[in-house]
1. Looking at D136, D117, which is the one that is surrounded by fewer than 16 Cβ atoms within 10 Å (Cβ to Cβ), assigned to a helix (DSSP H, G or I) and on the phi < 0 side of the Ramachandran plot?
2. May I ask you to verify whether V486 is open to solvent by less than 60 Å² (accessible area, probe 1.4 Å), in a strand (DSSP E or B) and within 21 Å of K388 (Cβ to Cβ)?
3. Show me the strands (runs of 3 or more DSSP E) found entirely inside segment 178-289 where at least 3 residues are within 19 Å of E140 (Cβ to Cβ) and open to solvent by less than 40 Å² (accessible area, probe 1.4 Å).
4. Go through segment 49-88 and count every residue that is within 19 Å of K301 (Cβ to Cβ) and either touching a Ser or Thr at 6+ places or on another chain (Cβ under 7 Å) or not assigned by the TED database to the domain that holds E109 (or both).
5. Check segment 229-243 and report whether any residue there is within 15 Å of S171 (Cα to Cα), in the same structural domain as K274 (by the TED database), touching a residue at least 12 places away in the same chain (Cβ under 8 Å) and of a type in the set (D, E, K, R).
6. Give me a count of the residues in segment 409-428 that are touching a residue at least 60 places away in the same chain (Cβ under 8 Å), under 23 Å from K376 (Cβ atoms) and open to solvent by less than 50 Å² (accessible area, probe 1.4 Å).
7. Search segment 290-316 for residues being of a type in the set (F, W, Y) and over 11 Å from the mean Cα position of the chain (by Cα), and hand back the single one that is surrounded by the fewest Cβ atoms within 10 Å (Cβ to Cβ).
8. Quick test of your reading of the structure: D112 fulfils all but one of (1) among the charged types (D, E, K, R); (2) assigned to a loop (DSSP other than H, G, I, E, B); (3) out of contact with any helix residue (DSSP H, G or I) (no Cβ under 6 Å at 6 or more places or on another chain). Name the failing condition by number.
Amino acid sequence: MRKPGRPHLLRWYNQVESLPILKKLLESFTKARSDADKARKNKRTEHIEAELPNAVPGKVVVRFAPEPSGYLHIGHLKAAILNRFFADKYNGKYILRFDDTNPTKEEGEFEDAIKEDLAMIEVSFDKVVHTSDHFDKIREYTEKLIQQGDAFMDDTDAELVKEQRRALVPSKNRDASIEDNLKRFHEMCEGTPEGQKWSLRAKIDYTHKNGTMRDPVIYRYVGGSHHITGDKYKAYPMYDLACPLIDHIDGVTHALRANEYAARHEQYAWFLQKLGLPNIEIFDFSRIDFVYTVLSKRKLKYLVDQGVVSGWGDPRFPTVRGIRSRGMTVKGLKDYIVGQGASQQMLQLEWDGIWNVNKRVIDPIAPRYWAIAEEKMVPVEVIGGPAKEEVVKKPLHKKDPKIGEKDLVLSSHLIMEQADAKSFGDNEEITAMDWGNVIVTEKKVDAAGDVESLKVKLHLEGDFKKTSKKVTWLSAPTKEHPLTPVVLIEYDYLITKKKLEEDDNLTDVINPKTEYRVNALASAEVAQLKKWDIIQFERKGFYIYQGEKDAEGRMQFGYIPDGRAESIALKAKPAAVSAAPKDKSAPKGSWGKPGAKKAAPAPAAAAAADGTKTVLSDATEGFEIPIKTKMFESDRIYGNDGVHPEPKVNMFKSTPVYDQ
């Protein structure tokens, strides 16, 4: 349009472009696009854009229902925070319910820990209930299902039940009489020797396309004492039965469920419908999962029991108290979860996102200190330095004086890190941070190339903007001005495989080294820090004081990842990942879990000893092509004879040129 030779078109374009209404539209569009770009770069963390279906303000009741069989971990947090968000949004109620239907796994210790963890992340609840509060009522509903012919007792072996459900085969007891079923149910509930052999199954549809509807087990005998009810009950409802019934009893209007339970929604509705209970809205969301992370309670307990970690609050653990002791703030955690929203997309997330959000929280408020690694630490003599130690005040955070001040000791004898000293050239001018420039006048190096000592000349009139090296330092410790011995700990992931599969052996992927410790001397003021105080050791990163000292009496500081690639990268060698394709025809165990291994196919007859085999250019004919491959053998889709399609066209037939 603006090319030479089009003057009329150009004049018209300039005229249109200058019209007020179009200029306003263009400005509006440009601003909208700019705002959209900013929104993509800075994901909103203050609001969840989601609505509960058929929600009535003031009448919404939601519940967070953990099983008291372990500590809360990061996979639970989305449910806890989303429920609180919706309860607040609709001015409703938030119930904390402990689903205590398996006495062999549950302990009162875990209930107390879950309450503490929720308080730690500032998630409050309106009341606490237990599924066990209503065991008698659940039994009444269960007997009603039996009397309606909607449940039957079964003594089929558990493994056979799995095989029959997979094969769409009914149980031999499916058509037992209501009287027999009630009798056996009572025996099971009394825990008699005969009753212990039986369990109750819902009579839904053993041929249903949804596997969860194929006559699931809903009540069973469990030996052992319950941590609340003791030995009062011998049989307990399964979660799939108890969940909809207790939701009804507690007056829940909206059940938030991770979409890993999506297949069970139909089953949930079936129990309510068969018992004549009102419908409860289900709201799906995806749970949070991270790379190199174990979230299975059973596997986490194994790591604790085997001493791989110090406990459930270990900084390497994905539990709430674990990531809190690693340096995750409450605000950073909640901002990240809210920023994820009520998404239903199932993802395995990298850790960079959550630590990056956390950095935005701690960076403006973390006081700054210095620490010098002790290994091969270098003594520095300052020519022109003060004859006697001087103390000056410096801000703890240069961008926020309100955070406070610290004492900086100036003297003629300093300490610096070996890595910094090695980088200095002869007569190079460097900047000693918060003091000024110095010129390296002497550098003594040993036979191994390590710096033994330095001499520098104070040059305060030098311009720090012109130096390429700005280094931290500390005045050498004295009786009047001691330094604080610390240990700086950097952690690695507990496992070396990004995604743990169901058939993976946990012991095969446990990381043999997950702690990297560096002894250091730090600014004297850090001795006053309290547990979980977060600071920055400048040029090293953010650290959290873990409230403990090691065997040498050193304060322990854990490194806080900041979201950069190097801060979240696996330090160990990654576990080997098999490249072999999954055999979909292989036998499976219970509901998709691997079963017996299928023998590998025998090599093709045409393959040589070194793996070289000969194929024909056109499957069954043509010239020979020797190839060397490790790919598995498979049959041709259309057979070995190939496909010879008959052309069907309306064009006239002609003799090929080369046949004439």
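The values are calculated or read from the model by the stated rules, or taken from the named source; none is laboratory data. Please read these numbers as outputs of a predicted model, since none were measured by experiment. Methodologically, a virtual Cβ is constructed for each residue, glycine included, from the backbone with ideal geometry; neighbour enumeration extends over all protein chains shown. The accessibility values were calculated without ligands, DNA or RNA, using every heavy atom of the protein model including side chains. Shrake-Rupley method; radii C 1.70, N 1.55, O 1.52, S 1.80 Å.
1. D136
2. Judged against the criteria, V486 is not a match.
3. 199-202, 235-237
4. So the answer is 3.
5. So far as segment 229-243 goes, no, none of its residues is within 15 Å of S171 (Cα to Cα), in the same structural domain as K274 (by the TED database), touching a residue at least 12 places away in the same chain (Cβ under 8 Å) and of a type in the set (D, E, K, R).
6. So the count comes out to 4.
7. Filtering first and then ranking leaves Y302.
8. Result: D112 fails condition (2) only.
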